[in-house]
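Sharing a structure, written as structure tokens. Questions coming.
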Amino acid sequence: MQSTTAPASITTEPAMTFGQLLEQVRYDGAYPTRERAEDVVTAVLAALGRRVTGEERVELAARLPLEARRIFASQIPGTDSMTGWAFVRDLAARTGGTLATTRWDVGSVLGVVARLAGPALLDRVLAQLPSGYAILFGRAELTQAA
């Protein structure tokens with residue numbers, strides 16, 4: 001009998017539901033309503049979907065709740081290189097938010113995404129992105145000395 005299980009690196013069932021994701025972001029970001037948290041999650045996941053490519057994109061999508069997966073995966077990845085700070089500026093321009101509130105929003109969502117991804121996948125996602133993203137996911141940005 002052949003095994004039909006998914007590879008160990010790709011989770012078929014997300015660790016949380018979309019409702020749990022929204023509540024975690026609402027709590028982490030101190031948003032007053034679930035609707036506000038959902039707006040932030042939608043904007044940030046769409047922006048992230050425009051940045052992550054390849055196998056990491058597939059694996060990350062698989063670890064997100066279905067609704068979040070759809071938001072993330074429906075975006076066409078850009079071909080331009082965008083630093084973490086440019087990512088925040090671009091999202092602020094798209095949403096009409098200030099740089100400070102957009103940075104807060106990004107950190108609130110990507111912190112939860114980092115936990116869902118796990119350390120190994122997050123390392124691979126960060127390796128494909130330009131500098132400045134690690135801090136957005138709640139990690140220190142490590143650079144080599146010149």
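The values are calculated or read from the model by the stated rules, or taken from the named source; none is laboratory data. This one's a predicted model, so the numbers in the text were calculated from it and none came from an experiment. Every residue, glycine among them, receives a Cβ derived from its backbone with ideal geometry; neighbour counts consider all protein chains shown. These area figures cover heavy atoms from the full protein model, side chains too; ligands, DNA and RNA do not enter into them. Shrake-Rupley method; radii C 1.70, N 1.55, O 1.52, S 1.80 Å.
Select from G78, G49, G107 the residue whose mean-square fluctuation is largest in a Gaussian network model of the chain (Cα-Cα springs shorter than 10 Å).
With Cα springs under 10 Å in the chain, the top fluctuation among G78, G49, G107 is at G78.
With every protein chain left in place, what is the accessible area of R63 in Å² (1.4 Å probe, nearest 10)?
Looks like 40 Å² after rounding.
Follow-up question, since we're still on this one. Hey, any idea what % of the chain's accessible area is carbon plus sulfur with a 1.4 Å probe? Intermediate values should be presented prior to the final figure.
Numbers: 4550 of 8070 Å².
Roughly 56 percent of what the probe reaches on the chain is carbon or sulfur.
In square angstrom, what is the accessible area per residue of the range 38-99 with a 1.4 angstrom probe? Could the numbers behind the result be given before it?
Working: 2900 Å² over 62 residues.
That works out to 47 Å² per residue.
Just G84, G111, G19 to compare: in a GNM of the chain, with alpha carbon springs under 10 Å, which one fluctuates most?
G19
Let me ask you something else. Mind sorting out which of (i) 13.4; (ii) 11.7; (iii) 10.2 is the real mean projected area of the Cα convex hull in nm² computed from the coordinates?
Of the labelled values, this structure produces (iii).
For P77, what charge total do you get from the other residues with a beta carbon under 12 Å from its beta carbon, if Lys and Arg give +1 and Asp and Glu give -1? Kindly include the intermediate steps, with their values, before the conclusion.
Details: positive: R50, R51, R57; negative: E56, D80.
Overall, the nearby charge balance is +1.
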